[in-house]
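Okay, so here's the structure we're looking at.
The values are calculated or read from the model by the stated rules, or taken from the named source; none is laboratory data. No experiment lies behind these values; they were computed from the predicted model shown. Neighbour counts are summed over all protein chains in view; Cβ atoms, including those assigned to glycine, are modelled from backbone coordinates with ideal geometry. Just so you know, the surface numbers come from the protein's heavy atoms only, side chains and all, with ligands and any DNA or RNA stripped out. Shrake-Rupley method; radii C 1.70, N 1.55, O 1.52, S 1.80 Å.
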Amino acid sequence: SQTIHQWPATLVQPVGSPLSLECTVEGTSNPNLYWYRQAAGRGLQLLFYSVGIGQISSEVPQNLSASRPQDRQFILSSKKLLLSDSGFYLCAWDQGLDQPQHFGDGTRLSIL
Amino acid sequence: GQQLNQSPQSMFIQEGEDVSMNCTSSSIFNTWLWYKQEPGEGPVLLIALYKAGELTSNGRLTAQFGITRKDSFLNISASIPSDVGIYFCAGHNRGSGGSNYKLTFGKGTLLTVNP
């Protein structure tokens with residue numbers, strides 16, 4: 001069966017520091033991969049998606065970037081974190097446009 | 001852009017009661033999804049609906065895809081304390097093209113069940 005892993009589960013970082021969050025999917029090949037941010041108000045905002053290695057589409061211009069160095073690995077990064085980057089970051093995958101997305105357990109990011 | 005209105009925003013019920021929540025859209029979708037999210041975790045898929053009029057059950061959960069393709073509802077029967085969480089609807093238009101990778105999410109219904 002397929003599984004998705006995100007780490008770390010929680011992270012506290014100072015303003016201006018870099019960020020790297022990692023997501024990997026097991027048990028499937030060539031998945032579509034997604035990064036979302038969930039604010040305290042509950043809404044899920046799509047940040048990036050990828051349909052293949054090296055292919056990244058950005059939904060919202062901001063202080064973050066994404067990369068997909070391997071088929072089942074998706075990384076969310078920042079060179080300099082802002083206070084507004086705090087939130088709950090979720091990775092998701094699906095096996096095609098006619099399949100539902102499945103989410104990881106998320107990373108709680110707090111910026112001090 | 002597409003927007004989903006999910007209601008109610010929150011519900012406080014007694015254990016054993018039935019629950020109903022719904023989502024309406026300003027435009028049509030060809031897929032409706034319902035997720036549940038517990039504190040500190042990611043959303044978990046409950047039910048996926050792919051056809052207008054479809055009624056699908058998953059244990060005590062039942063969801064329907066509206067005939068107009070602009071709405072969906074989720075019912076939970078005989079609620080139990082572990083039903084507590086935030087329930088999200090999501091609309092999707094399956095097919096080719098860049099915009100079809102996006103899910104449009106409702107803002108969630110927070111369910112509290114009193115034992």
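In the range B:56-106, of all residues being touching a residue at least 60 places away in the same chain (Cβ under 8 Å) and surrounded by fewer than 18 Cβ atoms within 10 Å (Cβ to Cβ), the one that is farthest from the other protein chains (Cβ to nearest Cβ) corresponds to B:ALA78.
A:ASN30 fulfils the conditions (1) at positive phi; (2) within 9 Å of chain B (Cβ to nearest Cβ) except for a single criterion, (2).
Hey, can you tell me all the residues within the range B:13-35 that are assigned to a loop (DSSP other than H, G, I, E, B), open to solvent by less than 40 Å² (accessible area, probe 1.4 Å) and not hydroxyl-bearing (Ser, Thr, Tyr)? Across the range B:13-35, the qualifying residues are B:PHE29, B:ASN30.
Residue count for the range A:33-60 satisfying the condition of being free of Cβ contacts under 8 Å to residues at least 24 places away in the same chain and at the interface with chain B (Cβ under 8 Å from one of its Cβ atoms): 8. For the range A:78-86, state whether one or more residues are among the small types (Gly, Ala, Ser), open to solvent by 30 Å² or more (accessible area, probe 1.4 Å) and over 10 Å from the mean Cα position of the chain (by Cα). Yes, the conditions are met somewhere in the range A:78-86. Does B:ILE67 satisfy being in a loop (DSSP other than H, G, I, E, B) and out of contact with any helix residue (DSSP H, G or I) (no Cβ under 8 Å at 6 or more places or on another chain)? Yes, satisfied. If a residue has to be more than 21 Å from A:VAL15 (Cα to Cα) and either within 10 Å of another protein chain (Cβ to nearest Cβ) or out of contact with any Ser or Thr (no Cβ under 8 Å at 6 or more places or on another chain) (or both) to count, how many in the range A:93-112 make the cut? Residues in the range A:93-112 being more than 21 Å from A:VAL15 (Cα to Cα) and either within 10 Å of another protein chain (Cβ to nearest Cβ) or out of contact with any Ser or Thr (no Cβ under 8 Å at 6 or more places or on another chain) (or both): 11 in total. The residue that is least open to solvent (accessible area, probe 1.4 Å), counting only those in the range A:5-25 that are among the β-branched types (Val, Ile, Thr) and outside any loop (DSSP other than H, G, I, E, B), is A:VAL25.
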